[in-house]
Structures are given as C-alpha cells and as structure tokens.
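Reviewing the structure listed below.
The values are calculated or read from the model by the stated rules, or taken from the named source; none is laboratory data. Predicted, not measured: the structure shown is a model, and the values here were computed from it. Cβ: placed from backbone, ideal geometry, glycine included. Neighbour counts: every protein chain shown.
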Amino acid sequence: MKPRRIIEVGLPRLLAWCLLGFLFVPILVVIPVALTDRDYLSLPRDGISMQHFAALADWSKGWLPSMLTSAGIALACAAIATALGVAFAVGAWAAGGWWPSLMRILLLSPMIVPPIIYAVGMVKLWARLSLLDSYTGVVLVHVVLALPLTVLAIGASLSNLDQRLVQAARSLGARPMTVFGKVILPNIVPGVAAGALLAFVASWDEITVTLFITGRAVVTLPRRIWTSIQDAVDPALAAIATVLLVITVLALIARALIEHRQQQRKF
Amino acid sequence: MRNFKTTALLLTVPASLVAIGLYAAPILQVLALSLTEPKFGFANYQSLFANAAVGRVVMTTLKVSVTTTVLTVLASYIVAFAIIHMSAGWRRISLFLVLVPFWISVLVRAFSWITILRRRGVLNSALMETGVISTPLDLVYNLLGVTIGMVHYMMPFAILLLYANLSDIDRRIMQAARSLGARPATIFWRVWLPLSLPGIALATLFVFVFSLGFLVTPALLGAGKTLMIAEYISVQISSTSRWDLATSLSTMLLLVVGIIVFAAMRSPALRAAFVARPQQ
C-alpha cells in the first residue's frame, strides 16, 4: 500500500475498530467480577466462584422477587401498550386527518421530552390519586413510555400495506370491524409482535421515572440495581449484569438467525 | 363510508385519552406549578436566574452535553463510515458490537464503567501493577467519568442513525466522481460529507437533547460531585421537596428542548429525515 492510502483508508478503519472495541469490551468486565471469590467488587484472586450467581436465586436476597416484579409489570405493560398502539396506529392509518396527526405527535413526544420532567409531573399526579408505589401506577407510566415504540413499530408495518386491500374489502361489503380484524390485522402481525417486544423491553429497562414513583412496595429490577450500584459493594450486582448481558447477546443472535433463515427462504 | 371513518377515529380514542390524561396533563401541571407554587407569578424564575447553584448546574450540563455531542458524533461518524465500506460478514460483526451496548441496560453500562474507572478499579489496578503510575488516577465521580459514560451511552444511537443515513446515499455518485479523476480525500470532503450532513444534523440533535435531560449516567458516574440538571431536579423532589425549584427548572428544560427541536424542524432536510422513517 502507498503511504497516502494507509493514511486515508487504513488509519480511519483502524480507528473505527478501536471505537467498536471501546463500545463492546468495557461491558465484558462484569463477567470476571461476577466470578470473583471475594465478597466485595473485585477481580477473582485465588480461583473463581459461582456463589454470586447462587445469591441471585436466593429469594431472601431480593434479586429474584425484583426479577419477577419487573417481568410481571413488563408483561402487563406490553399487553396494554400493544392493544392501545394497534388500535391507534390502525385507526390513524385508516382515518387520516388532523386529529390522528396531532395525537401521534403527543404519543411520540416521550421519546424526545426528558423523562425527568415526566417524573416530576407523575409524582404530583400519583400522590394526589394515591397511586405512588403501586403496581397500577408503575404499569400505567410504563404504558405511556412504551406507546411511542409500539406506535412506530406498527406504523412501519402499516406503511407497507396496500390501501386498495381495504377498499376491495369494503366494496365487497365487509363491515368496518371485519376490515380491521380480518383484513388489516393479519397483515401487520410482524409489526405488532415487534411492538409488543419493544414495549416489554422498554418497561423491563425503565428506571428514570420508576425511581420516583416507587418506594418499598414495588421494587423493580432496575430499581434494585440502581440502589446496589450506589452502594457499590455486592458482587451479585456483577452477576445480574452478566445474566442481562447473556440474555441480550442470545436475543441478538436469535434475531440474526431468524433474519438469515427468512432471507434464505426468499431465494 | 361515514361509518368506516368513524370506526377508525374511534380506534384512536383510547390511546389518545391515555396520552392526554397521563402524559400531557401531568406535564402541563408541572408548567402550571412553576407559576403558582407557592404563589402566582414569575418569582420562581427570578430566583432561578439569581441562584448561583443553579447557574453552576446549568454550566456543568452545557459543558458535558456539548463535549459529549461533539465526541459522540465524530466517533460515530468514523464507525458508521467504516461499517458501510465493510464486506457483509465484517459488517454483521460490527453491527453486533454496536447492538449489544445499544440494547443492554443503561445501568449495566454505568456499572461496568464504575468497575473499570474507580480508584481501586480494573484500569487503575492494571496501571499500578505494571508500574505506569504510582498513585491511582481519579477517573470517575467527576467530569471525565461522566463524559466517558455519556459518550459510551450515546454512541450506539448515533452510529445506527448515521449508518441508516449513509446506507441511503447513492454510491453511483462516488463512482462518477472517481471516474472523473477525484482522489479519495476529495471524494470524501466534496461528496460523502455534504451528502451526509442531514444525518449528522439529526444525530447531533438527538445526542444533544438526550444529554441535556439525562439522569442515570450522570447521577451514577458523577455521584453528586458532577451535578447536571436532571439530577439536580431529582434532588429537589426526592430529598429537599423544593417543588418551586423543581417545576421551574423542568419548565426551562422543556422550553429549551422544545426550541431546539422546533428550530431543527424548520430545516427541510431534518424534517424529511424525521418524517420519512415512520409511516406517512
């Protein structure tokens, strides 16, 4: 290679790989820390130990109840957000006009508006309705925060749908609910599934608003992790981080495999 | 005919009610409280501008947000540009390296950085054992740690935005430039960069707005020593119960974010980038 080519092509490429390393490698540090044989946050000294993973499964340590709490809230949130999101996206797509456009902006705004502002508002509102530190309160807030994702995912699916399909069904005399249920819905199943998954993940990960509207009664997993990070001692924290990392990696690999298979089927 | 449209509009009602009642209303109440708590008027705003602590917090927030945005967009552009030039196999690996941090919990990422950067952390231990330094460096619970954590959090977003934008650019333009005798550097500065400006602008906008109101990473990696607006607001509502301060500062933050987004939407390229992605 000529020196000029090394500077113009090789150097940026090397830099790009270093930056990719900066993104990925630091996350891996939680794995050795989770395997430490000490009872404080440290790298393993005299061999590795699985005791901190065992602590996760110990009900009295609080990690397992928090995981179940988060899973339950995320399931409820995904179900409600998906139902609301499907109805809204389909209705807006079929009706058009200023009202759905305006409501769409409002529904999507939690993606831009800093969540801390929403947290301030919700603390006030839930205090008045005595929904602070309740499952209902957390689920409703998570639904609001998950709706932008379901609306976008289902909207993307709908934008590939041919409007003439609806016209054909209607001209053949299908009633409105039949059109929605039997013509539109079956065609957007992938978008609905993606929306439900995104809503689940959004709820499972939510921390900023949850932090202010929960207390002792509802301890979600992110909240438990938050408290534990501030103490910065318990290696079980690294163990739970490792578990979350493994789940993320497996989910991404599964998605890649599914996409790969779908592409192969096309040819 | 009428019946169909009415049914469609009815379907939008439940989500709209949730958005109005559980999103718009509580936020409007924050705005209202900033003018009425404890009594009606702009007194809260006057004391906000006279408050030296708030001034320091705002300066820290701006400093961190600007640094984060510049570093993130620059680094993300380098990565996204390299990814679109890779073979399919390497591209898949690179995108995997971006998607893992993109999807993993922000708390896990903050925790990883604390483990690496703290005084008895992985990096300091390694540097001390190899004899590079004799006393541990202060890498976290300060401006440096917050900035590292923020750049690490924002980069996957920015890379994916820029990657989508760069993939949409028609490569035949570069072929044309090359066949006309342009050197690679010229092609980059005169063709790639101008065509990717909308993507860069969108990434800059998103990263800056997210940084301004970000709570988790600054709070965990700053640990109260590097206070940014979101954490300052959180202290006002959870420990000192200063609702006047919390609501007026929230309103200011919302106003600034609103102005930035509104100004950005006036640019046709940005509006197109925003609207084209979701449904029409």
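Residues in segment B:89-104: is at least one small (Gly, Ala, Ser), within 11 Å of another protein chain (Cβ to nearest Cβ) and surrounded by 14 or more Cβ atoms within 10 Å (Cβ to Cβ)? Yes, segment B:89-104 has at least one match. Do you know which residues across segment B:136-186 are in a helix (DSSP H, G or I), of a type outside the set (A, V, I, L, M, F, W, C) and closer than 16 Å to B:Phe81 by Cα? Answer for segment B:136-186, where residues must be in a helix (DSSP H, G or I), of a type outside the set (A, V, I, L, M, F, W, C) and closer than 16 Å to B:Phe81 by Cα: B:Pro156, B:Tyr163, B:Asn165, B:Ser167, B:Pro184, B:Thr186.
Among residues of segment A:159-179 being in contact with a Lys or Arg (Cβ under 9 Å, 6 or more places away or on another chain) and either over 20 Å from A:Val189 (Cα atoms) or among the β-branched types (Val, Ile, Thr) (or both), the one that is surrounded by the fewest Cβ atoms within 10 Å (Cβ to Cβ) is A:Ala174. Reported count of residues in segment A:43-62, each being free of Cβ contacts under 8 Å to residues at least 24 places away in the same chain and at negative phi, is 13.
Which count do you get for residues in segment B:49-94 that are in a helix (DSSP H, G or I) and within 30 Å of B:Ala219 (Cβ to Cβ)? Residues meeting the conditions: 31. Quick one: would you say A:Pro65 is outside any loop (DSSP other than H, G, I, E, B), at the interface with another protein chain (Cβ under 9 Å from one of its Cβ atoms), touching a residue at least 12 places away in the same chain (Cβ under 8 Å) and surrounded by fewer than 17 Cβ atoms within 10 Å (Cβ to Cβ)? No: the conditions fail for A:Pro65. Taken over segment B:56-88, residues that are within 14 Å of another protein chain (Cβ to nearest Cβ) and surrounded by fewer than 15 Cβ atoms within 10 Å (Cβ to Cβ) amount to 4.
Filtering segment B:67-94 to residues that are closer than 15 Å to B:Ser167 by Cβ and touching a residue at least 24 places away in the same chain (Cβ under 8 Å) leaves B:Ser76, B:Tyr77, B:Val79, B:Ala80, B:Phe81, B:Ile83, B:Ile84. Just need a number here: residues in segment A:68-105 that are loosely packed, with under 15 Cβ neighbours inside 10 Å, of a type in the set (A, V, I, L, M) and within 26 Å of B:Thr7 (Cβ to Cβ). Summing the residues that are loosely packed, with under 15 Cβ neighbours inside 10 Å, of a type in the set (A, V, I, L, M) and within 26 Å of B:Thr7 (Cβ to Cβ) in segment A:68-105 gives 2. If the condition is being without any contact (Cβ under 8 Å) to a residue 60 or more places away in the chain and either among the aliphatic types (A, V, I, L, M) or surrounded by fewer than 23 Cβ atoms within 10 Å (Cβ to Cβ) (or both), then segment B:212-227 contributes B:Leu215, B:Ala219, B:Gly224. When only residues in segment B:1-55 that are β-branched (Val, Ile, Thr) and at pLDDT below 90 count, which is surrounded by the fewest Cβ atoms within 10 Å (Cβ to Cβ)? Once the filter is applied, the top-ranked residue is B:Thr6.
Inspection of segment B:228-246 identifies at least one residue that is buried (at least 19 other Cβ atoms within 10 Å of the Cβ) and outside any helix (DSSP H, G or I).
Give B:Arg242, B:Arg277, B:Arg183, B:Arg171 a once-over and let me know the one that is more than 14 Å from chain A (Cβ to nearest Cβ) and at pLDDT below 90. After applying the criteria, what remains is B:Arg171.
Yes or no, residue by residue, for (1) under 30 Å from A:Ala94 (Cα atoms); (2) over 30 Å from the mean Cα position of the chain (by Cα); (3) more than 7 Å from every other protein chain (Cβ to nearest Cβ):
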residue: B:Ala25; (1), (2), (3): yes, no, yes
residue: B:Leu31; (1), (2), (3): no, no, yes
residue: B:Ser34; (1), (2), (3): no, no, yes
residue: B:Glu37; (1), (2), (3): no, yes, yes
residue: B:Gly41; (1), (2), (3): no, yes, yes
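Is at least one residue of segment A:247-265 in a loop (DSSP other than H, G, I, E, B) and within 16 Å of the chain's Cα centre (by Cα)? Among the residues of segment A:247-265, not one is in a loop (DSSP other than H, G, I, E, B) and within 16 Å of the chain's Cα centre (by Cα), which makes the answer no.
Does segment A:211-223 include one or more residues that are more than 10 Å from every other protein chain (Cβ to nearest Cβ), surrounded by 11 or more Cβ atoms within 10 Å (Cβ to Cβ), within 29 Å of A:Arg38 (Cβ to Cβ) and of a type outside the set (Ser, Thr, Tyr)? Among the residues of segment A:211-223, at least one is more than 10 Å from every other protein chain (Cβ to nearest Cβ), surrounded by 11 or more Cβ atoms within 10 Å (Cβ to Cβ), within 29 Å of A:Arg38 (Cβ to Cβ) and of a type outside the set (Ser, Thr, Tyr), which makes the answer yes. Whether any residue in segment B:252-266 is touching a residue at least 60 places away in the same chain (Cβ under 8 Å) and more than 12 Å from chain A (Cβ to nearest Cβ) is what I want to check. Taking every residue of segment B:252-266 in turn, none turns out to be touching a residue at least 60 places away in the same chain (Cβ under 8 Å) and more than 12 Å from chain A (Cβ to nearest Cβ). Scanning segment B:203-219 for residues that are facing chain A (nearest Cβ under 7 Å), outside any helix (DSSP H, G or I) and of a type outside the set (Gly, Ala, Ser) turns up just one, B:Leu215.
Being surrounded by 23 or more Cβ atoms within 10 Å (Cβ to Cβ), of a type in the set (A, V, I, L, M, F, W, C), assigned to a loop (DSSP other than H, G, I, E, B) and at pLDDT below 90 is a property that B:Val132 lacks. Summed over segment B:143-188, residues that are farther than 19 Å from A:Ala16 by Cα and without any contact (Cβ under 8 Å) to a residue 12 or more places away in the chain total 14.
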